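J.: Before anything else, here's the structure in question.
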């Protein structure tokens, strides 16, 4: 199974949309609340030029910042995840 993590915040509508989209696709992922996890927040900033872009999604090492549904689809397919 592909390792997928969604880094975001509960109040963020883009994070909520991404999580709902992955849920609709039936994709398993781990959610990391960067508001509660300082190390995760630093990880996100390191990959986004110092900014906390929400969500930041890691699909088997491919990092996407605030991805569109189409970008998620492409990265999932590239990782071999059936959608």
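Please treat every number below as a calculation from the coordinates, not as lab data. The shown structure was predicted, so the numbers you read here are calculated from the model rather than taken from an experiment. Quick reminder, even Gly has a Cβ in these numbers, built from the backbone with ideal geometry, and neighbours come from all protein chains shown.
J.: In what sequence do 58, 28, 33 fall when counting other Cβ within 10 Å, fewest first?
T.: Fewest-to-most Cβ neighbours within 10 Å comes out as 28, 33, 58.
J.: For the chain, what is the calculated [θ] at 222 nm in deg cm²/dmol (nearest 500), taking -39500 (n - 2.57) for each run of four or more DSSP H residues and dividing by its residue count?
T.: The per-residue figure over the chain is -12000 deg cm²/dmol.
J.: Let me ask something else about it. Round to the nearest 10 and give me the degree value, 0 to 90, for the angle of helix 69-78's Cα axis relative to the longest principal axis of the chain.
T.: In the chain, helix 69-78 runs at an angle near 70 degrees to the longest axis.
J.: Quick one, can you get me the convex hull of the C-alpha atoms of the chain expressed as volume per residue in Å³?
T.: 82
J.: Can you give me the angle between helix 38-47 and the longest principal axis of the chain, using Cα atoms only, in degrees from 0 to 90, rounded to the nearest 10?
T.: Relative to the chain, helix 38-47 is tipped by roughly 70 degrees.
J.: I'd like the FRET efficiency for residue 16 and residue 78, computed as 1/(1 + (r/R0)^6) with the beta carbon distance as r and R0 of 25 Å, rounded to 0.05.
T.: 0.55
J.: When a footprinting reagent is the concern and you count Cβ atoms within 10 Å, what order do 7, 21 take, fewest first?
T.: 21, 7
J.: Mind giving me the FRET efficiency for residue 70 and residue 28? R0 is 22 Å, r the Cβ-Cβ distance, nearest 0.05 is fine.
T.: My answer for the efficiency is 0.60.
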